[in-house]
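Enquirer: I'd like to ask you about the structure that follows.
The values are calculated or read from the model by the stated rules, or taken from the named source; none is laboratory data. Quantities reported herein were computed from a predicted structural model and do not represent experimental measurements. Here Cβ is always computed from backbone atoms with ideal geometry, including for glycine, and neighbour counts include all displayed protein chains.
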Amino acid sequence: MSMWARVHKIDRVRPLPNGGAIILVEDDRNAAAMGRIPGLSTTIAIARILNARRLLDVKYAGKGEVRYATSASLPSFLFDAVARAGAAIADRSGDKVLLPAAPAGIASTIDTAFSELAHHARTMSNSADMLTALRRGEEARRKAPLDRDVNPTAYWTAVFELAALAGELSRPRGGRWIETHDAPVPFAIKFPDNAGGELLARPAKLAMRIVEGEDVEASLASEALTTESSSI
């Protein structure tokens, strides 16, 4: 079973003598598979790296590093996203670092990736607009729930596609995707706030409940516009 999309799990942790650790994020796909749906590859890779970095900070006082372990030559878009998210690129074993991490701002990368994923999902659903695609996606998942441990690729693909479609509905109000400290999906939609605070919407939380088959009446179309004051 391919584990590249397993957002809710940490793949491997190698403790270091100094009390730190090397945390491996594994991607066993080939380059063609990585490049098939760029928005999905990017958002999932960044989510997994941010979750790994959070574990490094919380459990190992930030000592060590996160490595993205793969035997494939990363497509340029993923190469940039992985490095900017704060992971070194390593060989499949995780022993040899091919390129050190180059942490940088990633909000624009996340926002672009979610938008690309939404347009892909709309096209694949043969829908005329984002709202129709979102409603069709919700209906399909309510009828056929997914288990994230049994089929993590299908589960997280569905979650991220639904969240991405919901995110596009927030654009008229100025919504933009950013990274957060949430787990397991460290993303939210940020809205302009004249009071100087942070207004965030987190549609991925509802998307997970829908994909898991919970009997919820709430719609992601409204969830994408439901904001709360919060720190990121």
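Enquirer: Kindly evaluate residue 159 against the criterion of being of a type in the set (Val, Ile, Thr) and free of Cβ contacts under 8 Å to residues at least 12 places away in the same chain.
Expert: no
Enquirer: Among the listed residues 128, 88, 133, identify the single one that is in the same structural domain as residue 204 (by TED's automatic domain parsing), touching a Leu at 6+ places or on another chain (Cβ under 9 Å) and of a type in the set (Gly, Ala, Ser). First the steps, then the outcome.
Expert: Working: 128 fails: touching a Leu at 6+ places or on another chain (Cβ under 9 Å); 88 fails: in the same structural domain as residue 204 (by TED's automatic domain parsing).
Residue meeting the stated conditions: 133.
Enquirer: Related question: Scan the stretch 1-43 for residues that are out of contact with any Lys or Arg (no Cβ under 9 Å at 6 or more places or on another chain) and aliphatic (A, V, I, L, M) and report the count.
Expert: 7
Enquirer: In this structure, does residue 53 turn out to be of a type in the set (D, E, K, R), more than 30 Å from residue 170 (Cα to Cα) and at pLDDT 95 or above?
Expert: Against the criterion (of a type in the set (D, E, K, R), more than 30 Å from residue 170 (Cα to Cα) and at pLDDT 95 or above), residue 53 does not qualify.
Enquirer: Next question, about the same structure. With the structure loaded, tell me whether residue 88 is under 21 Å from residue 113 (Cα atoms), surrounded by fewer than 22 Cβ atoms within 10 Å (Cβ to Cβ) and aliphatic (A, V, I, L, M) or whether it fails that test.
Expert: Yes, satisfied.
Enquirer: Next question. Only one of (1) closer than 22 Å to residue 78 by Cβ; (2) loosely packed, with under 14 Cβ neighbours inside 10 Å; (3) within 17 Å of the chain's Cα centre (by Cα); (4) of a type in the set (Asp, Glu) is not met by residue 149, so which one is it?
Expert: If we test residue 149 against (1) closer than 22 Å to residue 78 by Cβ; (2) loosely packed, with under 14 Cβ neighbours inside 10 Å; (3) within 17 Å of the chain's Cα centre (by Cα); (4) of a type in the set (Asp, Glu), just (1) comes out false.
Enquirer: Across the stretch 1-33, which residue is surrounded by the most Cβ atoms within 10 Å (Cβ to Cβ) among those that are in a loop (DSSP other than H, G, I, E, B) and charged (D, E, K, R)?
Expert: 27
Enquirer: Taking interchain pairs and intrachain pairs at least six residues apart, which have beta carbon atoms under 9 angstrom, with the first residue in the stretch 37-51 and under 12 Å from residue 120 (Cα atoms) and the second part of a helix (DSSP H, G or I) and hydroxyl-bearing (Ser, Thr, Tyr)?
Expert: Pairs found: 37/157; 39/112; 39/115; 40/157.
Enquirer: State which residue is nearest to residue 155 (Cα to Cα) when the search covers only the stretch 34-66 and only residues that are of a type in the set (D, E, K, R) and part of a helix (DSSP H, G or I). Can you show your working first?
Expert: Going residue by residue through the stretch 34-66, those that are of a type in the set (D, E, K, R) are 36, 48, 53-54, 57, 59, 63, 65.
Subset that is part of a helix (DSSP H, G or I): 48, 53-54, 57, 59.
Working: 48: 15, 53: 23, 54: 23, 57: 27, 59: 28 Å.
Selected residue: 48.
Enquirer: Based on what the data block shows, is residue 213 in a loop (DSSP other than H, G, I, E, B) and surrounded by 14 or more Cβ atoms within 10 Å (Cβ to Cβ)? Can you show your working first?
Expert: Values: in a loop (DSSP other than H, G, I, E, B): yes; surrounded by 14 or more Cβ atoms within 10 Å (Cβ to Cβ): yes.
Judged against the criteria, residue 213 is a match.
Enquirer: Quick check on my filter: what residues within the stretch 142-156 are closer than 19 Å to residue 6 by Cβ, in contact (Cβ under 8 Å) with a residue 24 or more places away in the chain and in a helix (DSSP H, G or I)?
Expert: Hits for the stretch 142-156 are 152, 153, 155, 156.
Enquirer: Inspect the stretch 187-201 for any residue being surrounded by fewer than 18 Cβ atoms within 10 Å (Cβ to Cβ) and modelled with pLDDT of 95 or more and give the result as yes or no.
Expert: Within the stretch 187-201, none of the residues are surrounded by fewer than 18 Cβ atoms within 10 Å (Cβ to Cβ) and modelled with pLDDT of 95 or more.
Enquirer: Please pick out the residue among 195, 166, 218 that is in the same structural domain as residue 142 (by TED's automatic domain parsing), among the aliphatic types (A, V, I, L, M) and in a helix (DSSP H, G or I).
Expert: 166
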